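Handing you this structure, nothing more for now.
Each value in this text was obtained by applying a stated rule to the coordinates, not by laboratory testing. Keep in mind it's a predicted model, so treat the numbers as computed, not measured. Using ideal geometry, Cβ is built from the backbone for each residue, glycine included, and neighbour counts are taken over all protein chains shown.
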Amino acid sequence: MRSVLFSCLALLAALKLLVWWLEPRMAFFPIAGIQQTPAAGRVPYTDVKIPTADGEMLHGWWLEDPSARAQVIYWHGNGGNLSLWLPVITDLRARGLSVLVVDYRGYGASTGRPSERGIYKDANAVTQYFDRHLRKTGVLTVYWGRSLGCAAGSYAATINAPDGLVLESPFPDVASLFANNPLMRILSVFSSYRFPTSRYLREYSGPLLVVHGNDDSIVPFAAGKQVFERASSAPKTFAVLPGADHNDTHSSHAAYWPAIDEFIKSLNP
C-alpha cells in the first residue's frame, strides 16, 4: 500500500515538474534583438530603457504625436518582439495616438527571461515610467492589451487606473483556453500560470472595450465574451470583428477603427 502511495506521489511530483518546465515554453515565444524600427517607415520615435524592481532592463519605443487625442500604453501578444508588432504600433501612431510599447523581459532587447510574474513586474515598471516621464496632463490615457497582453494591461489597470482600457482577443484565464481539451485541463491543475484577466477586471471599474474576431482559432470567441460579461466596468462595449481570426491584422478590418474611435470619443480625462 505504501509503495502504491509513494508511486502516486512520485508521479504527481514528476507531472508538476514537467508542467513547470513546459509552461514558459508554451506561453512565451520571444524573438531576440531588434530587426526593424519605426524609422523604416519614417515614423519618429524615441528609444526608452526602463528598469524593473527586480533588476531587469526593458527596451521600448515612445512614438509621440504632439497633438495626440490619447496616449496609449500597448502590451503586445506572446510572440516575436517589437519589430514583429511594428505594423500595429505604427498604425496606432498614424491614427493620432501617442504610443508607448515595451518588450517584456526576454523579448527583443529586454533582459531576463519571460514568466507570468515577470510580466506583471514589467507592467508595474512601465506604468511608473510613463507616469513620471511621458504622461501629458489633459490628454486621455488608454491601456491596450492584445491576447496575452490583456492580462498585463488588466493588471496594470488595478495599480493605476487609466481613462479607458482596450482588450483585443482576451481570455478570462488559462483554464478557459482548455475548456474543450480534457488532457490540458488536467495538466493545467499543476501549472503556476493563471493569466487571470477576469480577476483583475474585478478591480477596474472604468470604461472598457473588448474587441474579438468571431473566427478566432486560438483564443475562442466565447472566451472574449466571458471576459466582457464578467467585467464590472461601466460603461463597457463589445465589438465583434466578423470573420477575423486571431492573427489577422485587426486594424485592417472594417469594424475595427470605428469601434476604437467611438470608444476614445466617449472617454473623459
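What fraction of the DSSP beta bridges in the range 22-131 is antiparallel, stated in percent and rounded to the nearest 5?
55 percent
Ranked highest first by the average count of other Cβ atoms within 10 Å around their residues, in what order do 232-240, 125-133 fall?
Result, highest mean Cβ count within 10 Å first: 125-133, 232-240.
So for the chain: antiparallel DSSP bridges make up what percent, rounded to the nearest 5?
25 percent
Quick one: order I73, I159 by neighbouring beta-carbon count within 10 Å, fewest to most.
I159, I73
While we're on this one: Between R194 and D215, what is the label-point separation in nm under the 7 Å Cα-to-beta-carbon projection?
3.6 nm
Further question on the same structure: Under a point-charge model restricted to the Cβ atoms of Lys and Arg (+1) and Asp and Glu (-1), what is the dipole moment magnitude of the chain relative to its Cα centre, in debye to the nearest 20?
The dipole magnitude comes to about 600 debye.
Output the 0 to 90 degree angle, nearest 10, between the alpha-carbon long axis of helix 149-159 and the longest principal axis computed from the alpha carbons of the chain.
Tilt of helix 149-159: around 80 degrees.
Another question, if that's okay. What FRET efficiency comes out for D131 versus E229 if R0 is 30 angstrom and r is the Cβ-Cβ distance? Round to the nearest 0.05.
Using R0 = 30 Å, I get an efficiency of 0.45.
Next up: Alpha carbons only, please: Rg and Dmax for the chain, in angstrom.
In order Rg, Dmax, the Cα atoms of the chain give 19.1, 74 Å.
So which lysines can K49 reach, going by Cα to Cα under 29 Å and dropping same-chain residues fewer than 8 places off?
K49 reaches K121, K136.
Can you tell me the FRET efficiency between W257 and A39 if r is taken as the Cβ-Cβ distance and R0 is 25 Å, rounded to the nearest 0.05?
0.50
Report, in deg cm²/dmol and to the nearest 500, the calculated mean residue ellipticity at 222 nm for the chain, where each DSSP H run with n ≥ 4 adds -39500 (n - 2.57) and the sum is divided by the residue count.
My calculation for the chain gives -11000 deg cm²/dmol from helical runs alone.
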